[in-house]
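Below is one structure, written out as structure tokens; the observations come after it.
Please treat every number below as a calculation from the coordinates, not as lab data. Values in this document were obtained by computation on a predicted structure and should not be read as measured data. Methodologically, a virtual Cβ is constructed for each residue, glycine included, from the backbone with ideal geometry; neighbour enumeration extends over all protein chains shown.
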Amino acid sequence: MPPNHLSPAATPNGIHRCSILPTYLLRRLALDDDPHVADVAQRTIGFDTPWRERRIVVAERTQRKPRGLVPPDMVRRAKALDAGKRVQVTATLPAAPERSIHDANHSTSLPGQLVRAEGADPADDVAVNEAYDGLGATWSLLWTAYQRDSLDGKGLPLVATVHFDRGYDNAFWDGTQMVFGDGDGVYFDGFTSCIDVIGHELAHGLTQYTAGLTYVAQSGALNESVSDVFGILVKQMHENETAETSDWLIGEGLFTDRVKGVALRSMKAPGTAYDDPVLGRDPQPAHMDDFEDLPHDAEHDNGGVHTNSGIPNRAFYLAASALGGHAWERAGQIWFDTITAKGVPKDIDFAGFAARTVAAASKRYGKGTGVEEPGLRHSRGPARLDVVLPAKEARKDLLRHREHPPDIGGLRGMARQCRAALRQVCRDIHLPVDLRLG
Ligand SMILES: [Zn+2]
């Protein structure tokens, strides 16, 4: 592939470029006393901005042409069998990742020089191997948990470039490949060091090929949140962590010791990840009362997409914790089903997404026991929940399952448990939504 020299005016496909760092953090760094840090941050912003503006995303769905002898519907049904049979399917299908890692040698030419192809021995360069392993871990999550072959479901090769620019303070998915900076070395270490950051960026590719959530306002915050969700799931599967043992931190290890903070974001406790004299305070809200209604322009992070993502992030954490165990199995499956379902509006809001998670749980696990489910009364006024919920049954059910996790095979009980958990989540994040139809 010939080098594709990028100018700030265009991405290879002219659409997506999703960075892990929001501009508001970079702006703070640009004011730093250390001229090296300020210079690096300014260059990063200069490089980012024009692309960010172009990102009022017309995220293209890929063409869905039928391929192969077996009709896609039949393949899908075969893959949707229960977990035990799924393992068999996994073992017999010849899918594998196709990774290539390139070195930009501190230039901005992409993809740069190929330094490690699929199956090749580890390189001498730590960043190369971290990128290779992170891409592999992301591919493994998609394949082993959801039987999806790469981001597009069709084995899309995973391409990454390391050592992009000099001291570049970001990592991003440009619509076709991953790009990693080395960080300024003062506030940020290299961006290949966090497996969840790699998963986050690749998940922007997953969203691009599925729901195509518009990168502005609530759908943009959902786009960001979906990336954090699959980013943390990549890390949890790689470390074999459960909802209970995970730290639920995104970008833990990105900051140097100089920064007062543990990570870029906390899904468990949004708004608590850092509080630093230079970088400021983590601005993420944890519920709708603190939703930031910002202008929908690049100057305001497209309506606060990296800020308001704290709310759906916490929703996922709460759902995964209520359901317990490996978060990629049930909560992750519901979120995966939600973004890969047909007909998701690209500008969907939080309430619409919540309703679709309930619908996805019902579709996957069945309608439950037929017992009347408690509902939430829709409140048009303030963003506070008006609870009809006798919810006694739902709550009792949830509590019982917390103590005695249900048999995975008990799908009907599972449907009820999932729906109850998702309704409770909406109460916890103060999201007014009618989920009775789920
Ligand atoms: Zn992102």
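So if each residue of separation counts as 0.36 nm, and I subtract the Cα-Cα distance between residue 349 and residue 276, what length gain in nm does that give?
Details: separation 73, 0.36 × 73 = 26.28 nm, distance 3.15 nm.
That works out to 23.1 nm of additional length.
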What percent do you get for the relative contact order of the range 88-246 when only Cα pairs under 8 Å and 6+ apart count?
20
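If neighbour count is taken as other Cβ atoms inside 10 Å, put 196, 184 in order from fewest to most. It would help to have the intermediate numbers written out before the result.
Details: 196 35, 184 23.
Going from sparsest to densest Cβ surroundings: 184, 196.
Between rounded, prolate and oblate, where does the range 123-273 land on the alpha carbon gyration tensor, with a ≥ b ≥ c its root eigenvalues, rounded for a/c under 1.5, else prolate if a/b exceeds b/c?
Numbers: a/c = 1.37, a/b = 1.15, b/c = 1.19.
Taking the square roots of the gyration eigenvalues as a ≥ b ≥ c, the range 123-273 is rounded.
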Using Cβ counts within 10 Å as a stand-in for footprinting exposure, how do 100, 219, 140 rank, fewest first?
140, 100, 219
On full extension of the chain, what length is gained from residue 242 through residue 118, given 0.36 nm per residue of separation minus the C-alpha to C-alpha distance?
41.7 nm
Which of the residue pairs 260/346; 154/268; 268/363; 235/260 have a Cα-Cα distance greater than 31 Å in the structure shown?
260/346; 154/268
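Sorting check: for 221-232, 172-183, which peptide has the highest mean count of neighbouring beta carbons within 10 Å, and how do the rest follow?
Details: 221-232: 29.1, 172-183: 24.8.
Packing proxy ranking, top to bottom: 221-232, 172-183.
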What distance in nm lies between label points placed 7 Å from Cα along the C-beta direction at residue 125 and residue 434?
5.7
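With a Förster radius of 35 Å, plug the Cβ-Cβ distance of residue 39 and residue 289 into 1/(1 + (r/R0)^6) and report the FRET value to the nearest 0.05.
The calculated FRET efficiency here is 0.30.
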Positive end of the dipole of the range 152-271, charges at C-beta (+1 Lys, Arg; -1 Asp, Glu), about the Cα centre: which of 153, 218, 203 has its Cα farthest in that direction?
218
How much length, in nm to one decimal, is gained on full extension between residue 299 and residue 27, taken as 0.36 nm per residue of separation minus their Cα-Cα distance?
96.9 nm
